[in-house]
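Peer 1: Take this structure first; my questions come after.
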Amino acid sequence: MSGVSPIAAGWKCRCPECGEGQLYRGYLEMNDQCAACGADFTIADSGDGPAFFVMFAALIVIAPTAMFFELIVSPPAWVHVILWPPIIMVFCMWLLRPFKSTLFALQWKHKAEEARFEDPKGN
Ligand SMILES: [Zn+2]
């Protein structure tokens, strides 16, 4: 078991095993293994989890901000149409990489995997 914090490794987008090697080779495309310690990154997959958490974070942060902006400034509707989509997009793209690598690191640390049902008779 490694002593690397999954949160620290996740936010730095580093290998959850050694905390050194880069996790990504593209924006969200992961390396097959760690360049520093050789850990196999193909055994864990965070799936749709990061996208859900990032969308939820965007809702919690941006929706109240937009409502306060409307209450305080009361701009014409087209200002909202132009202003919020790019802010939402940048916010989500900024958070998606660290969220994905953090969830991956947590799966790695806790050895999470798909549920399997064992045959009680052992067949
Ligand atoms: Zn590593």
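Peer 1: Per the chain: cysteines with no other Cys C-beta under 4.7 angstrom?
Peer 2: Unpaired cysteines in the chain: Cys13, Cys92.
Peer 1: Another question, if that's okay. To the nearest 20 debye, what charge dipole does the chain have about its Cα centre, counting +1 at the Cβ of each Lys and Arg and -1 at the Cβ of each Asp and Glu?
Peer 2: 300
Peer 1: Based on the Kirkwood radius over alpha-carbon pairs, what is the Stokes-Einstein translational diffusion coefficient of the chain at 20 °C with 1.002 mPa s viscosity, in µm²/s?
Peer 2: Numbers: Rh = 16.7 Å.
Taking Rh from Cα pairs, D becomes 128 µm²/s.
Peer 1: Going from the alpha-carbon gyration tensor of the stretch 55-108, what semi-axes, largest first and in whole Å, does one get by taking the root of 5 times each eigenvalue?
Peer 2: Values: eigenvalues 180, 24, 6 Å².
After diagonalising the Cα gyration tensor, the semi-axes are 30, 11, 6 Å.
Peer 1: Rank by packing, highest mean first: peptides 88-98, 72-82, with packing defined as the count of other Cβ atoms within 10 Å averaged across residues.
Peer 2: In descending order of packing, they fall as 88-98, 72-82.
Peer 1: Please list 40-53, 12-25 highest first by mean number of surrounding beta-carbon atoms within 10 Å per residue. Walk me through the intermediate numbers first.
Peer 2: Working: 40-53: 14.3, 12-25: 18.6.
Highest to lowest by the protection proxy: 12-25, 40-53.
Peer 1: Charges on Cβ only, +1 for Lys and Arg, -1 for Asp and Glu, centred on the Cα centroid of the stretch 1-86; of Gly10, Trp84, Ser46, which one is farthest towards the dipole's positive end?
Peer 2: Checking the options against the dipole of the stretch 1-86, the answer is Trp84.
Peer 1: Hey, what angle do you get for helix 77-110 against the long axis of the chain, alpha-carbon based, 0 to 90 degrees rounded to 10?
Peer 2: Between the helix axis and the principal axis of the chain, the angle is about 20 degrees.
Peer 1: Okay, helix-only estimate at 222 nm for the chain: each DSSP H run of n ≥ 4 adds -39500 (n - 2.57), divide by all residues, round to 500 deg cm²/dmol; what do you get?
Peer 2: My calculation for the chain gives -18500 deg cm²/dmol from helical runs alone.
Peer 1: To continue, here is another question. Divide, for the stretch 2-61, the radius of gyration over alpha carbons by 2.2 N^0.38 Å, where N is the residue count.
Peer 2: 1.21
Throughout, read-outs are computed from the coordinates displayed, never taken from laboratory work. Computed from a predicted structure; not experimentally measured. Every residue, glycine among them, receives a Cβ derived from its backbone with ideal geometry; neighbour counts consider all protein chains shown.
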